[in-house]
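Contents: one structure, followed by commentary.
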Amino acid sequence: MFPSRHEGGDVPDHSSVDSTTVLIVGAGPAGLVLGNLLKAAGVDCLILERQSRAYVERRARAGFLAANTVRILEENGLAAGLLRDGRQHDTCLFRSEHAEFELKYSGLGRGEVHTVYPQQDLVRDLIAEFLDRGGELRFETAVAEVNDIGSDRPWIVCRNADGELQRWNGRYVAGCDGRHGVSRQAVPVGAVRQYRRDHGISWLALLAEAPQSMAAVAYAIHDEGFAGHMARSASVTRYYLQCARGEDPQGWSDRRIWDELQLRMQADRYGPLHQGPILERRVVDMASHVMDPIQYGRLFLVGDAASLISPSAAKGANLAVMEAEILAKALIADLRDDDERPLARYSEDCLPRIWRAQEFSHWMINLLHGPAGNDDEAVFLRALQRARLESLRNSRRHQDHFAENYVGI
Ligand code: APR
């Protein structure tokens, strides 16, 4: 057995001990962008990923990349795939029982657009590039413990595919292990403040083998609940259906899904949806979580490990890439130029942007979901929801503000 957390000490003979400069836990967008930027600057690092390569390269998640994300990837030689195959996207559409309107956000706010590129394709490109740069990445290796982060020699324990325990020493640990990761558990209780909110809303997240039904991202507001439509690739489209908390996704047959989508998206009024087999159905609960600060000693949290954002505004992967760039620059400043200041203010640099994204995402939740029922409160809140939508439809200033937050980060 290894010494317990925070105790330090020797490792038994049968286990291997190795060291690197930056230990990166997790090969999602956060860990892979960080690893690539460090490697390009000649900083020694190791990425440890619990899942297999095939699994992470096929895991379908987000797909809307903000302009800032594309800039970071381009500036660092990581954008060849998305520039070749990604599609520019600049219009969203709102539908309710009262009206339908489009916002072409390339002509609003800062004039920025999204690039649609499935996240698993980005992950595949980032892995290939990291390995090309000579990076070391261990798949099927789960980090079990992160220790001594308050000292200048933190270390981790991981278990590889053969079940062998291994210890790695490093100078820094980057916790990029997502919403269920272990890294943040290393932070002593009480050392950080945790902000949490369960929005009490769930979505049935669907991937359909069907081309997109309209050129825009569509948000449909309906008495039966929200429905959404988002392009992914030429042959796959993401749909969302608001559903009850705890709903069993298997209770939704393909027929029921398409009937409900057609109803909420008002296909009889605006035209039918392109239908196809449902490839994936899972329930996503709208929840937010922010840690403050997102660092402790030599541990730095990045992406979903630092802050979880509800998917209502597609910000998760974009925040992850933004934080990875800030952390990479700070680590490089420390290790190459002996300047500790950027690392010391990593949380301070990231948190205002995280909160701004959280605020916008929360605003979107309130725009897209009205409470069910006919009691006074529900009726009042639904009237506010309509007023919010009308303001977005009619006010150019509101549209500019929306566009700046929708594409920006
Ligand atoms: N040891 C090693 N790897 C781990 C461990 C562990 N104990 N726990 C989790 N991981 C891995 C996961 O398997 C996953 O590949 O960490 C990775 C975390 O990646 P993501 O969940 O993709 O998180 P992140 O990189 O922060 O990306 C941000 O934004 O669009 C949203 O949730 C979406 O993936 C997206 C995220």
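Bear in mind that the values in this text are calculations on the coordinates, not laboratory data. None of the values given here were measured: they were computed from a predicted structure. Positions of Cβ are backbone-derived with ideal geometry, glycine not excepted, and every protein chain shown enters the neighbour counts.
Looking at the chain alone, DSSP beta bridges between its own residues are antiparallel in about 70 percent of cases. Between residue 235 and residue 372, full extension at 0.36 nm per residue minus the direct alpha carbon distance yields a gain of 45.9 nm. Over the range 146-274, the Kirkwood radius and the radius of gyration, each from Cα atoms, give a ratio Rg/Rh of 1.18. Here the range 245-284 is scanned for amide nitrogen atoms under 19 Å from the site 7 Å beyond the Cα of residue 102 along Cα-to-Cβ, giving 265-274. Working note: 222 nm ellipticity from helices only, DSSP H runs with n ≥ 4, each -39,500 (n - 2.57), summed and divided by the residues of the chain, gives -10500 deg cm²/dmol to the nearest 500.
Potential lengthening of the chain between residue 248 and residue 196 amounts to 16.3 nm, from the contour at 0.36 nm per residue minus the alpha-carbon distance. Taking the empirical scaling 2.2 N^0.38 Å for compact globular proteins as reference, the range 103-180 has a Cα radius of gyration ratio of 1.63.
Show log10 I(q)/I(0) for the chain at q = 0.08, 0.10 Å⁻¹, two decimals, from a solvent-free Debye sum over equal Cα scatterers. Debye intensities relative to I(0), on a log10 scale: -0.46, -0.70.
Within a straight-line Cα-Cα reach of under 14 Å, residue 39 can be paired with the following aspartates and glutamates, leaving aside sequence neighbours fewer than 8 residues apart in one chain: 129, 132, 136, 325. If you wrap the range 224-280 in the convex hull of its Cα atoms and look at it from every side, the mean projected area works out to 4.2 nm². Each label was represented as a point 7 Å from its Cα along the Cα-to-Cβ direction; for residue 359 and residue 164 these points are 5.2 nm apart. Scaling the Cα radius of gyration of the range 226-369 by the globular reference 2.2 N^0.38 Å produces a ratio of 1.37.
Over all other residues within a Cβ to Cβ distance under 11 Å of residue 342, the charged ones net out to -3, with Lys and Arg as +1 and Asp and Glu as -1. For the range 59-86 and the range 392-409, what is the separation of their Cα centres, given in Å? Their Cα centres are 23 Å away from one another.
Building the convex hull from the alpha-carbon atoms of the range 12-164 and averaging its projection over directions returns 13.2 nm².
Within the range 340-380, the proportion of Cα pairs with more than 13 Å between them is 67 percent.
Legend: Rg and Dmax of the range 196-251, from Cα coordinates, 12.6, 37 Å.
Taking 0.36 nm per residue of sequence separation and removing the Cα-Cα distance, the residue 285/residue 267 pair yields an extension gain of 3.8 nm. Here the Karplus relation 6.51 cos²θ - 1.76 cosθ + 1.60, evaluated at θ = phi - 60°, turns the backbone of the range 248-258 into coupling constants of 8, x, 5, x, 9, 6, 4, 4, 4, 4, 5 Hz, with x for every Gly and Pro. Here 380, 130 are placed in order of increasing Cβ neighbour count within 10 Å, fewest first, which gives 380, 130. Taking Cβ atoms as reference points and 9 Å as the exclusive limit, the residues near residue 45 contribute a net charge of -1, counting Lys and Arg as +1 and Asp and Glu as -1. Between the range 92-122 and the range 190-265, how many Å separate their Cα centres? Cα centroid of the range 92-122 versus Cα centroid of the range 190-265: 16 Å apart. Positive contributions from Lys and Arg (+1) and negative ones from Asp and Glu (-1), summed over other residues with Cβ under 15 Å from the Cβ of residue 77, come out at -2. Both numbers refer to the Cα atoms of the range 343-409; Rg and Dmax are 15.7, 52 Å. Take every pair of alpha-carbon atoms less than 8 Å apart whose residues are at least six positions apart; their mean separation over the length of the chain yields a relative contact order of 20 percent.
Placing a pseudo-label 7 Å from each Cα along the Cα-to-Cβ vector at residue 80 and residue 136 gives an inter-label distance of 2.5 nm.
Figure legend: label point modelled 7 angstrom from the Cα of residue 19 along Cα→Cβ; no residues of the range 328-364 have amide N under 15 Å from it.
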